[in-house]
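Each remark here refers to the structure printed beneath this line.
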Amino acid sequence: MIILTTFARPGYFERALKIGVHGYLLKDGEIDELADAIRKVMTGKRVFSPELTFEVIREENPLTPREQEILRAAAFGKTTKEITAELYLSSGTVRNYISEILRKLDAKN
């Protein structure tokens, strides 16, 4: 199921996610983007307008500022040792933060 709408409201988007939609796109997008989204959904992927996903993440980020800082460093490929040196933390503390980040985001790695 794909929702094609003019409503770029995070609340509508969140409700659509809860009912299991595979796509939520805005009508002001290009026709080629819509066709591409349909093809992706048909192969089992999920497609959402970037404007909507950014708003949801920005409004409901479960991570503390320190956790975000550590996640950002890890996303740039920094090792635990590099993160500890950069943020003046012990390796155990960084590992604890990473464990908590994974738990909060329900991520495996």
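Using only helices, what value at 222 nm comes out for the chain when you add -39,500 (n - 2.57) per DSSP H run of length 4 or more and divide by the total residues, to the nearest 500 deg cm²/dmol?
-18000 deg cm²/dmol, from helical runs alone.
For the chain, what is the charge dipole size about the Cα centre, in debye to the nearest 20, if Lys and Arg each add +1 at the Cβ and Asp and Glu each add -1 at the Cβ?
It works out to roughly 460 debye.
Using a 10 angstrom Cβ neighbour count of at most 13 plus a DSSP loop assignment to flag exposed trypsin sites (Lys or Arg not before Pro), which longest range of the chain is free of such sites?
46-107
Enumerate by residue number the GluC sites (Glu not before Pro) in the range 1-104 meeting two conditions: DSSP loop (anything except H, G, I, E, B), and at most 14 other Cβ atoms within 10 Å of the site's Cβ.
Loop-located and lightly packed - Glu30, Glu60.
In whole Hz, with x marking every Gly and Pro, tabulate ³J(HN,Hα) for the range 91-100 from phi via Karplus 6.51 cos²θ - 1.76 cosθ + 1.60, θ = phi - 60°.
5, x, 5, 5, 4, 5, 4, 5, 4, 5
How would Phe7, Phe76, Phe48, Phe13 rank on accessible area, largest to smallest, probe 1.4 Å?
Of Phe7, Phe76, Phe48, Phe13, the descending order of accessible area is Phe76, Phe7, Phe48, Phe13.
Report in % the part of the accessible area of the chain that belongs to carbon and sulfur, leaving out ligands and nucleic acids; probe 1.4 Å.
Carbon and sulfur: 55 percent of the exposed surface of the chain.
Per residue, how large is the accessible surface of the chain? Use a 1.4 angstrom probe and give square angstrom.
Accessible surface, normalised per residue, equals 72 Å².
Among Lys18/Lys104; Lys40/Lys78; Lys45/Lys108; Lys40/Lys108, which pairs are too far apart, with a Cα-Cα distance over 21 Å?
Exceeds cut-off: Lys40/Lys78; Lys40/Lys108.
Quote the relative contact order of the chain in percent (integer), defining contacts as alpha-carbon pairs under 8 Å separated by 6+ residues.
With pairs under 8 Å counted, the relative contact order is 20 percent.
The values are calculated or read from the model by the stated rules, or taken from the named source; none is laboratory data. Worth saying up front: this structure is predicted, and the values here are computed from it rather than measured. FYI the Cβ positions are ideal-geometry reconstructions off the backbone, even for glycines, and counts take in every protein chain you see. Surface areas here come from the heavy atoms of the whole protein model, side chains and all, with no ligands, DNA or RNA. Shrake-Rupley method; radii C 1.70, N 1.55, O 1.52, S 1.80 Å.
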